[in-house]
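This report concerns only the one structure given below.
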Amino acid sequence: RADDGYRLWLKYDRIANAAERQGYVRVAQFVASPGNTPVLRAASAELTRGLGGLLGQAVPAVPSAGSRTGGIVLRVDAQASAAGQPLKAEGYRIFSEKNNLVITGRTDRAVLYGAFALLRQVQTRQPLAGLNLSSNPRIDFRMLNHWDNQNGTVERGYAGSSIWKWYELPERLDPRYTDYARANASIGINGVVINNVNASARYLSAEYIGKVAALAGVLRPYGQRVYLSVFWAAPKVLGGLATADPLDPQVKQWWAAKSDELYKAIPDFGGFLVKANSEGEPGPQDYGRNHADGANMLAQALGRHDGVVMWRAFVYKAGSDDRFKQAYEEFQPLDGKFDPKVLVQVKNGPIDFMAREPFHPLFGAMPKTPLVLEVQLTQEYLGFATHLVYLGPLIKEVLESDTYAKGPGSTVARVVDGSVDHHALSAIAGVSNIGSDRNWTGHPVGQANWYAFGRLAWDHELSPAAIAREWTRMTLTTEPAAVRTIADMLGQSRSIYVRYTMPLGLHHIMGESIHYGPQPWLAKAGRPDWTAVYYHKADSIGLGFDRTATGSNALALYKPEVQKQWGDARTCPLNYLLWFHHVPWTQKLSTGRTLWNELATRYYTGADSVLWLQKQWLAARPALDPALYADVAARLQTQRKEALWWRDACVLYFQTFARQPIPAPFAPPT
Ligand code: GCW
């Protein structure tokens, strides 16, 4: 049967090789589980289903192993430890005991994660016998943020409409919700913000709280809590109050009552995500208050309930000389002023989810505040669902960036996981790329971005290349040569995209509003920060945004070690060059080419690399499902067409400033 992609990486098709299958059968003859909680029942159901499929024979669930051996035992053990260290609440361990494989952890959720780890082991054809492995999540709140609207559309979504069917809830629970929850659990995601940060107040109405509660009921057995994005002015819109001032007693009272109502319906409700005073959304500044006043009021409204407030730092306004600095200027001075239940959620870069950005200068600059790293999985600036772009390397690049906040090694990952500043809370969020498309993500390889996010959120030490191989084997094929070919495509794909769209540190030169395709010529009065010319600053001398002391001086927001890396145009890594420097067209770069020649070379070789992607995909064809092969092959054709569009638009536009010929061997024949 043709693979329609619906099962994602949770494919439990029978292992073709009989000897290989037999090897697993010997150690996976039954699943013994007390099954006394919904989470444990989910874990044992997944194992019997998964192993049953992979081994091609029933793997029964039993309440306890008794004297049986050769099976899998699920065990919640408050004392569970690994290598002499107590496991974290969600950490698991798998080990052999009396010829059984025990999956253990301190909570039933830990056992659920262990169950998926064991299945992954089989799906990627690793041995089970004698297995001894353990894993703790490094970050506590591993969140998916949906930008889904109440009317079923998804902001910046390219995979159909929202999977949430509000008009059917709470009565009908689409079976898809369960498959969604399984997919999330399999990669360790434990929190879901179900609605867009550009939020409708309606989600806080009694009617919708009932619907959200029904969804929470589906996600709970899979270890996920539900959170809501809230509309700041809800007390006015829903409550009929005259104000939404966070210091107003009636406003406080309204939010406290709303929290009580939410927790009554959803006892494990996770909390609130807030976009305030950003891109036209209302917020505390409308009343002369600051972000901390707003966030703290909500935190206090949560009161005794076990929830948190994630307050977004994605703010910028017209009239600044450099948007790069704005979030820092508004938030950094508030460090130390936030309630302990507040986390500040910061995008990976200072502008907006570009294909490559320097890390956001707030990381490392707010030691008293737990910061959430927000990355975008949906490919708003990365080719929607038509360009093959694997985001593992992008996310890893950010996580590995060294802020030098407390000396070398103070990476963004360690700021976020709380280890640099010893925070009690830690969180990471991915803006979801899924929708109602049969295969969830539109582009089949978009699934890898959902997958990689979860895996890195759990353990930021994992390598994106290993994750790419793992995903490929679970999702596409286990044939070794094809796995290598595809993992190689995935590994290169983001660099290729950068080369033909925004090489050398160019940024924000995409099409207006829709953010699709190139529009480097975009200029307009009023909101220069919504144009392209504001960011690339091309002129007869050169190209790029001077953010050193001779320019906006945004570079000064970083620690001196970072400034040293990026501060000198002669030594700045080329990937970041035009982020920080206005470079003469004729300047010789470390590659030996002038800026103009290097720019043109990158656009041309980048666009031609799509031909390489196509060749690789063709080489893997015999190992792939035909329908899936054809789907990606067709999308690659679109990608090639659009890579040429980017190349020609940008090279020809910048040529009007550089006034130089396109270098050989790329120059079109005359
Ligand atoms: O990247 C921009 C998007 C907006 C989005 C905003 C944000 C949800 O273009 O669509 O709004 O960021 O992150 O708030």
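The values are calculated or read from the model by the stated rules, or taken from the named source; none is laboratory data. What you see is a predicted model; the values in this text were computed from it and never measured. Please note: Cβ atoms are built from the backbone with ideal geometry, for glycine as well, and neighbour counts cover all protein chains shown.
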- Of all residues in region 560-593, how many are in a loop (DSSP other than H, G, I, E, B), under 16 Å from residue 404 (Cβ atoms) and in contact (Cβ under 8 Å) with a residue 60 or more places away in the chain? 0
- Item | Among (1) of a type in the set (A, V, I, L, M, F, W, C); (2) touching a helix residue (DSSP H, G or I) at 6+ places or on another chain (Cβ under 7 Å); (3) farther than 21 Å from residue 372 by Cβ - the single one residue 297 does not satisfy | (3)
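Scan region 260-277 for residues that are within 16 Å of the ligand (Cβ to nearest atom), assigned to a loop (DSSP other than H, G, I, E, B) and in contact with a Lys or Arg (Cβ under 7 Å, 6 or more places away or on another chain) and report the count.
1
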- Item | The lone exception for residue 559 - which of (1) over 25 Å from the mean Cα position of the chain (by Cα); (2) buried (at least 16 other Cβ atoms within 10 Å of the Cβ); (3) closer than 27 Å to residue 645 by Cβ it fails | (3)
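Quick check on region 100-113. Is at least one of its residues assigned to a strand (DSSP E or B), assigned by TED's automatic domain parsing to the domain that holds residue 66, surrounded by fewer than 17 Cβ atoms within 10 Å (Cβ to Cβ) and of a type outside the set (Asp, Glu)?
No.
Yes/no per residue for (1) touching a helix residue (DSSP H, G or I) at 6+ places or on another chain (Cβ under 6 Å); (2) among the aliphatic types (A, V, I, L, M); (3) not in a loop (DSSP other than H, G, I, E, B):
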| position | (1), (2), (3) |
| --- | --- |
| 493 | no, no, yes |
| 504 | yes, yes, yes |
| 508 | yes, no, no |
| 534 | yes, no, yes |
| 538 | yes, yes, no |
| 546 | no, no, no |
| 549 | no, yes, no |
- If we keep only residues of region 484-503 that are in contact (Cβ under 8 Å) with a residue 60 or more places away in the chain and in contact with a Ser or Thr (Cβ under 6 Å, 6 or more places away or on another chain), then the residue surrounded by the fewest Cβ atoms within 10 Å (Cβ to Cβ) is 496
- Query: Of the residues in region 314-344, how many are within 16 Å of the ligand (Cβ to nearest atom) and either free of Cβ contacts under 8 Å to residues at least 60 places away in the same chain or among the hydroxyl-bearing types (Ser, Thr, Tyr) (or both)?
  - Reply: 8
- Give the residue that is nearest to the chain's Cα centre (by Cα), with candidates limited to residues of region 138-164 that are surrounded by fewer than 17 Cβ atoms within 10 Å (Cβ to Cβ) and not polar (S, T, N, Q). 155
- Residues in region 218-267 that are acidic (Asp, Glu) and either farther than 22 Å from residue 197 by Cβ or not assigned by TED's automatic domain parsing to the domain that holds residue 300 (or both): how many? 2
- Being assigned to a loop (DSSP other than H, G, I, E, B) and surrounded by 21 or more Cβ atoms within 10 Å (Cβ to Cβ) is the filter; apply it to region 279-313 and report the residue that is nearest to the ligand (Cβ to nearest atom). 313
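Each row is one residue, and each column tells you yes or no for (1) under 26 Å from the mean Cα position of the chain (by Cα); (2) of a type in the set (Val, Ile, Thr); (3) closer than 24 Å to residue 660 by Cβ.
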site	(1), (2), (3)
511	yes, no, no
521	no, no, yes
527	no, no, no
543	no, no, yes
548	no, yes, no
565	no, no, no
570	no, no, yes
576	yes, no, yes
586	no, yes, yes
- Query: Which of the residues spanning region 361-419 are within 16 Å of the ligand (Cβ to nearest atom) and either modelled with pLDDT under 95 or of a type in the set (Asp, Glu) (or both)?
  - Reply: 374, 380
- Item | Set 109, 156: member being touching an Asp or Glu at 6+ places or on another chain (Cβ under 7 Å) and more than 23 Å from residue 307 (Cβ to Cβ) | 156
- Residues being of a type in the set (Asp, Glu) and part of a strand (DSSP E or B): count how many of those fall in region 362-380. 1
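Only one of these is more than 19 Å from residue 441 (Cα to Cα), touching a Pro at 6+ places or on another chain (Cβ under 9 Å) and modelled with pLDDT of 95 or more: 488, 459. Name it.
Of the residues listed, the single one that is more than 19 Å from residue 441 (Cα to Cα), touching a Pro at 6+ places or on another chain (Cβ under 9 Å) and modelled with pLDDT of 95 or more is 459.
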- Query: In this structure, is residue 372 under 13 Å from the mean Cα position of the chain (by Cα), surrounded by 24 or more Cβ atoms within 10 Å (Cβ to Cβ) and in contact (Cβ under 8 Å) with a residue 60 or more places away in the chain?
  - Reply: yes
- Query: Only one of 324, 359, 331 is buried (at least 21 other Cβ atoms within 10 Å of the Cβ), of a type outside the set (Val, Ile, Thr) and assigned to a loop (DSSP other than H, G, I, E, B); which?
  - Reply: 359
- Applying the selection to region 506-526, what residues are on the phi < 0 side of the Ramachandran plot and either surrounded by 17 or more Cβ atoms within 10 Å (Cβ to Cβ) or aromatic (Phe, Trp, Tyr) (or both)? 506, 507, 509, 510, 516, 518, 519, 520, 521, 522
- Among the residues of region 88-96, is there at least one that is charged (D, E, K, R), touching a Ser or Thr at 6+ places or on another chain (Cβ under 8 Å) and either surrounded by fewer than 21 Cβ atoms within 10 Å (Cβ to Cβ) or under 29 Å from residue 15 (Cα atoms) (or both)? yes
- Message: Tell me whether region 612-622 contains one or more residues that are touching a His at 6+ places or on another chain (Cβ under 9 Å) and more than 19 Å from residue 660 (Cβ to Cβ).
- Response: no
- Query: Within region 305-321, how many residues are of a type outside the set (Phe, Trp, Tyr) and within 16 Å of residue 279 (Cα to Cα)?
  - Reply: 7
- Message: Looking at the structure I just gave you, is residue 430 within 16 Å of the ligand (Cβ to nearest atom) and either basic (Lys, Arg) or outside any strand (DSSP E or B) (or both)?
- Response: no
- Quick check: anything in region 454-472 surrounded by fewer than 22 Cβ atoms within 10 Å (Cβ to Cβ) and β-branched (Val, Ile, Thr)? no
